[in-house]
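I have placed the structure first, in the form of C-alpha coordinates, so that the comments after it can refer back to it.
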Amino acid sequence: MKALLPLAFALALATPALAQQGSAAAGSAGTAAVGGNSASTLGAGAVTNSPNGDASALGMGASAAGDNAKTRSGVHGNNNLNGNTMAMAHNGGDMAKSHTVCHDRSDSVDCRTKTMAHEPGGPPVKSTSEGEASIPQQ
Amino acid sequence: MILRIRKLSHAYLFLACLAASPALAQASASVTAGPLRGDAQAGPSNQPLNERIARGPRTDDTRNCDSRGVTVNSANGSASASVTTSPGGSSAVAGGGSSGSRTEYFGCDADHHRSEK
(Lines give C-alpha, C1' and ligand atoms only; values in the text may rest on other atoms or scores of the structure.)
Protein backbone atom coordinates (compact mmCIF):
# COMPACT_ATOMS: atom_id res chain seq x y z
CA MET A 1 0.00 0.00 0.00
CA LYS A 2 2.86 2.34 0.85
CA ALA A 3 4.41 1.60 -2.49
CA LEU A 4 1.24 2.64 -4.34
CA LEU A 5 1.05 6.06 -2.68
CA PRO A 6 3.86 7.63 -4.74
CA LEU A 7 2.21 6.31 -7.88
CA ALA A 8 -1.13 7.88 -7.02
CA PHE A 9 0.57 11.13 -6.03
CA ALA A 10 2.59 11.29 -9.24
CA LEU A 11 -0.48 10.66 -11.37
CA ALA A 12 -2.45 13.31 -9.52
CA LEU A 13 0.30 15.83 -10.17
CA ALA A 14 1.06 14.88 -13.76
CA THR A 15 -2.39 14.56 -15.26
CA PRO A 16 -3.80 18.06 -14.76
CA ALA A 17 -0.58 19.75 -15.77
CA LEU A 18 -0.41 17.90 -19.07
CA ALA A 19 -4.09 17.93 -19.80
CA GLN A 20 -4.03 21.03 -22.04
CA GLN A 21 -0.90 20.43 -24.05
CA GLY A 22 -1.24 20.58 -27.80
CA SER A 23 -1.87 22.90 -30.71
CA ALA A 24 -4.84 24.29 -32.57
CA ALA A 25 -5.23 26.50 -35.63
CA ALA A 26 -8.28 27.77 -37.46
CA GLY A 27 -9.48 30.47 -39.78
CA SER A 28 -12.40 31.67 -41.83
CA ALA A 29 -12.81 33.78 -44.93
CA GLY A 30 -15.50 35.25 -47.11
CA THR A 31 -16.11 37.36 -50.20
CA ALA A 32 -19.13 39.28 -51.39
CA ALA A 33 -19.41 40.78 -54.86
CA VAL A 34 -22.12 42.68 -56.68
CA GLY A 35 -22.23 45.23 -59.50
CA GLY A 36 -18.49 45.83 -59.72
CA ASN A 37 -18.04 46.00 -55.97
CA SER A 38 -16.25 43.33 -53.99
CA ALA A 39 -15.34 42.90 -50.34
CA SER A 40 -13.24 40.16 -48.76
CA THR A 41 -12.14 39.48 -45.22
CA LEU A 42 -10.36 36.67 -43.42
CA GLY A 43 -8.77 35.72 -40.16
CA ALA A 44 -6.32 32.97 -39.18
CA GLY A 45 -5.20 32.13 -35.68
CA ALA A 46 -3.03 29.60 -33.88
CA VAL A 47 -2.52 28.62 -30.25
CA THR A 48 -0.15 26.15 -28.67
CA ASN A 49 0.38 24.95 -25.11
CA SER A 50 3.62 23.15 -24.36
CA PRO A 51 6.13 22.69 -21.54
CA ASN A 52 8.17 25.47 -23.19
CA GLY A 53 5.29 27.89 -22.71
CA ASP A 54 1.99 28.89 -24.20
CA ALA A 55 1.86 30.98 -27.35
CA SER A 56 -0.73 32.40 -29.70
CA ALA A 57 -0.80 34.37 -32.93
CA LEU A 58 -3.61 35.94 -34.93
CA GLY A 59 -3.73 37.63 -38.32
CA MET A 60 -6.63 39.50 -39.89
CA GLY A 61 -7.02 40.99 -43.36
CA ALA A 62 -9.52 42.91 -45.46
CA SER A 63 -9.66 43.95 -49.08
CA ALA A 64 -12.30 45.86 -51.02
CA ALA A 65 -12.61 47.13 -54.57
CA GLY A 66 -15.20 49.48 -55.98
CA ASP A 67 -16.13 53.13 -56.15
CA ASN A 68 -16.35 53.59 -52.40
CA ALA A 69 -14.17 51.00 -50.75
CA LYS A 70 -13.39 50.90 -47.06
CA THR A 71 -11.32 48.43 -45.05
CA ARG A 72 -10.40 48.13 -41.41
CA SER A 73 -8.50 45.53 -39.37
CA GLY A 74 -7.50 45.22 -35.75
CA VAL A 75 -6.16 42.75 -33.21
CA HIS A 76 -6.32 43.39 -29.48
CA GLY A 77 -5.33 41.58 -26.33
CA ASN A 78 -2.38 39.69 -24.92
CA ASN A 79 -3.36 36.25 -23.69
CA ASN A 80 -6.80 36.18 -25.23
CA LEU A 81 -6.57 37.77 -28.65
CA ASN A 82 -9.58 39.31 -30.36
CA GLY A 83 -9.45 40.18 -34.04
CA ASN A 84 -11.92 42.18 -36.05
CA THR A 85 -11.82 43.12 -39.71
CA MET A 86 -14.30 44.67 -42.13
CA ALA A 87 -14.44 45.40 -45.84
CA MET A 88 -17.16 47.25 -47.70
CA ALA A 89 -17.65 48.68 -51.18
CA HIS A 90 -20.70 50.37 -52.66
CA ASN A 91 -21.82 52.51 -55.57
CA GLY A 92 -25.34 53.78 -55.78
CA GLY A 93 -27.49 51.00 -54.41
CA ASP A 94 -25.14 48.06 -54.89
CA MET A 95 -23.25 47.10 -51.78
CA ALA A 96 -20.81 44.31 -50.91
CA LYS A 97 -19.77 43.79 -47.33
CA SER A 98 -17.69 41.25 -45.39
CA HIS A 99 -16.89 41.04 -41.70
CA THR A 100 -14.66 38.57 -39.82
CA VAL A 101 -14.27 38.15 -36.07
CA CYS A 102 -11.70 35.83 -34.48
CA HIS A 103 -11.07 34.82 -30.87
CA ASP A 104 -7.73 33.27 -29.97
CA ARG A 105 -8.11 31.83 -26.47
CA SER A 106 -5.76 29.80 -24.31
CA ASP A 107 -6.99 26.46 -25.65
CA SER A 108 -9.01 27.24 -28.77
CA VAL A 109 -9.31 29.39 -31.87
CA ASP A 110 -12.55 30.33 -33.54
CA CYS A 111 -13.27 32.62 -36.48
CA ARG A 112 -16.52 33.63 -38.10
CA THR A 113 -17.02 35.50 -41.35
CA LYS A 114 -20.28 37.04 -42.49
CA THR A 115 -20.82 38.45 -45.97
CA MET A 116 -23.62 40.36 -47.55
CA ALA A 117 -24.32 41.50 -51.11
CA HIS A 118 -27.24 43.73 -51.95
CA GLU A 119 -28.75 45.05 -55.15
CA PRO A 120 -31.55 47.62 -55.19
CA GLY A 121 -34.94 45.96 -55.42
CA GLY A 122 -33.72 42.58 -54.26
CA PRO A 123 -33.18 40.91 -50.95
CA PRO A 124 -29.68 40.88 -49.44
CA VAL A 125 -27.72 37.72 -50.10
CA LYS A 126 -26.01 36.67 -46.89
CA SER A 127 -23.58 33.90 -45.98
CA THR A 128 -21.63 32.82 -42.92
CA SER A 129 -18.51 30.70 -42.63
CA GLU A 130 -16.91 29.48 -39.45
CA GLY A 131 -13.65 27.86 -38.47
CA GLU A 132 -13.01 26.47 -35.02
CA ALA A 133 -10.31 24.32 -33.44
CA SER A 134 -9.61 23.32 -29.85
CA ILE A 135 -6.63 21.74 -28.19
CA PRO A 136 -7.82 18.20 -27.54
CA GLN A 137 -8.26 17.15 -23.94
CA GLN A 138 -5.70 14.50 -23.03
CA MET B 1 7.02 -9.53 -1.70
CA ILE B 2 7.30 -5.87 -0.75
CA LEU B 3 10.21 -5.48 -3.15
CA ARG B 4 8.11 -6.93 -5.98
CA ILE B 5 5.28 -4.52 -5.28
CA ARG B 6 7.69 -1.57 -5.31
CA LYS B 7 9.19 -2.66 -8.62
CA LEU B 8 5.70 -3.07 -10.01
CA SER B 9 4.71 0.41 -8.86
CA HIS B 10 7.78 1.92 -10.51
CA ALA B 11 6.85 0.19 -13.75
CA TYR B 12 3.31 1.54 -13.54
CA LEU B 13 4.66 5.01 -12.77
CA PHE B 14 6.87 4.89 -15.85
CA LEU B 15 4.02 3.72 -18.05
CA ALA B 16 1.66 6.28 -16.58
CA CYS B 17 4.08 9.11 -17.33
CA LEU B 18 4.48 7.86 -20.90
CA ALA B 19 0.73 7.74 -21.34
CA ALA B 20 0.22 11.16 -19.81
CA SER B 21 2.77 12.86 -22.06
CA PRO B 22 0.85 13.74 -25.20
CA ALA B 23 2.51 14.02 -28.55
CA LEU B 24 2.57 17.73 -29.37
CA ALA B 25 1.12 17.67 -32.83
CA GLN B 26 1.41 20.49 -35.28
CA ALA B 27 -1.74 22.32 -36.35
CA SER B 28 -2.17 24.62 -39.29
CA ALA B 29 -4.89 26.51 -41.11
CA SER B 30 -4.92 28.27 -44.47
CA VAL B 31 -7.73 30.44 -45.77
CA THR B 32 -8.15 32.54 -48.89
CA ALA B 33 -10.72 35.09 -49.92
CA GLY B 34 -10.40 37.06 -53.14
CA PRO B 35 -6.98 38.75 -53.05
CA LEU B 36 -6.38 37.75 -49.42
CA ARG B 37 -4.44 34.81 -48.08
CA GLY B 38 -4.08 33.85 -44.43
CA ASP B 39 -2.02 31.15 -42.75
CA ALA B 40 -1.60 30.08 -39.16
CA GLN B 41 0.59 27.40 -37.62
CA ALA B 42 1.05 26.10 -34.11
CA GLY B 43 3.16 23.43 -32.53
CA PRO B 44 6.60 21.99 -33.11
CA SER B 45 8.03 22.10 -36.61
CA ASN B 46 11.28 21.00 -38.20
CA GLN B 47 11.11 23.81 -40.70
CA PRO B 48 13.10 26.99 -40.11
CA LEU B 49 10.95 29.78 -38.72
CA ASN B 50 11.18 31.96 -41.81
CA GLU B 51 9.93 29.08 -43.99
CA ARG B 52 7.01 28.09 -41.82
CA ILE B 53 4.69 30.89 -42.79
CA ALA B 54 3.56 32.54 -45.96
CA ARG B 55 5.16 35.89 -46.48
CA GLY B 56 4.21 38.59 -48.87
CA PRO B 57 6.91 40.27 -50.87
CA ARG B 58 8.88 42.40 -48.45
CA THR B 59 8.86 45.56 -50.45
CA ASP B 60 8.69 48.03 -47.57
CA ASP B 61 7.54 50.33 -50.33
CA THR B 62 5.48 53.06 -48.77
CA ARG B 63 4.58 54.50 -52.16
CA ASN B 64 2.59 51.42 -53.09
CA CYS B 65 -0.29 50.99 -50.72
CA ASP B 66 -2.07 48.38 -52.79
CA SER B 67 -0.32 45.41 -51.27
CA ARG B 68 0.00 44.74 -47.58
CA GLY B 69 1.07 41.95 -45.30
CA VAL B 70 1.48 41.10 -41.65
CA THR B 71 3.37 38.32 -39.93
CA VAL B 72 3.17 37.36 -36.25
CA ASN B 73 5.71 35.09 -34.60
CA SER B 74 5.46 34.07 -30.97
CA ALA B 75 8.51 34.42 -28.75
CA ASN B 76 9.47 30.75 -28.91
CA GLY B 77 8.37 30.37 -32.53
CA SER B 78 5.71 27.80 -31.73
CA ALA B 79 2.81 29.88 -33.02
CA SER B 80 2.69 32.04 -36.10
CA ALA B 81 0.15 33.72 -38.35
CA SER B 82 0.38 35.74 -41.52
CA VAL B 83 -1.93 37.57 -43.88
CA THR B 84 -1.05 38.95 -47.30
CA THR B 85 -3.03 40.91 -49.87
CA SER B 86 -2.61 41.17 -53.59
CA PRO B 87 -2.44 44.61 -55.20
CA GLY B 88 -5.70 46.33 -56.00
CA GLY B 89 -8.37 48.26 -54.20
CA SER B 90 -8.36 49.13 -50.54
CA SER B 91 -6.80 46.76 -48.02
CA ALA B 92 -6.00 46.54 -44.33
CA VAL B 93 -4.19 43.93 -42.27
CA ALA B 94 -3.61 43.49 -38.57
CA GLY B 95 -1.81 41.00 -36.41
CA GLY B 96 -1.16 40.28 -32.79
CA GLY B 97 0.23 37.63 -30.52
CA SER B 98 0.90 36.55 -26.98
CA SER B 99 3.50 38.22 -24.79
CA GLY B 100 6.94 38.26 -26.37
CA SER B 101 5.61 37.87 -29.88
CA ARG B 102 6.81 39.93 -32.80
CA THR B 103 4.40 41.50 -35.27
CA GLU B 104 5.87 42.70 -38.52
CA TYR B 105 4.07 44.59 -41.24
CA PHE B 106 5.04 44.64 -44.89
CA GLY B 107 4.27 47.05 -47.68
CA CYS B 108 2.49 50.27 -47.00
CA ASP B 109 2.13 49.78 -43.26
CA ALA B 110 5.74 48.82 -42.72
CA ASP B 111 6.87 52.21 -41.44
CA HIS B 112 3.97 52.73 -39.08
CA HIS B 113 3.48 49.35 -37.51
CA ARG B 114 6.28 47.28 -36.14
CA SER B 115 5.64 45.94 -32.74
CA GLU B 116 7.30 43.63 -30.29
CA LYS B 117 5.44 42.78 -27.13
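The values are calculated or read from the model by the stated rules, or taken from the named source; none is laboratory data. All figures in this text were calculated on a predicted structure; none of them were measured in a lab. Using ideal geometry, Cβ is built from the backbone for each residue, glycine included, and neighbour counts are taken over all protein chains shown.
General remarks:
- Yes/no for A:A89 being farther than 20 Å from B:G100 by Cβ, assigned to a strand (DSSP E or B), over 20 Å from the mean Cα position of the chain (by Cα) and at the interface with chain B (Cβ under 9 Å from one of its Cβ atoms): yes
- Those strands (runs of 3 or more DSSP E) lying entirely in region B:47-116 with at least 3 residues closer than 30 Å to A:G36 by Cβ, among the hydroxyl-bearing types (S, T, Y) and at pLDDT 85 or above: B:79-85
- Some residue of region A:66-74 being more than 7 Å from every other protein chain (Cβ to nearest Cβ) and either assigned to a strand (DSSP E or B) or surrounded by 24 or more Cβ atoms within 10 Å (Cβ to Cβ) (or both): yes
- Residues of region A:23-48 classified as more than 7 Å from every other protein chain (Cβ to nearest Cβ) and touching a strand residue (DSSP E or B) at 6+ places or on another chain (Cβ under 6 Å), total: 6
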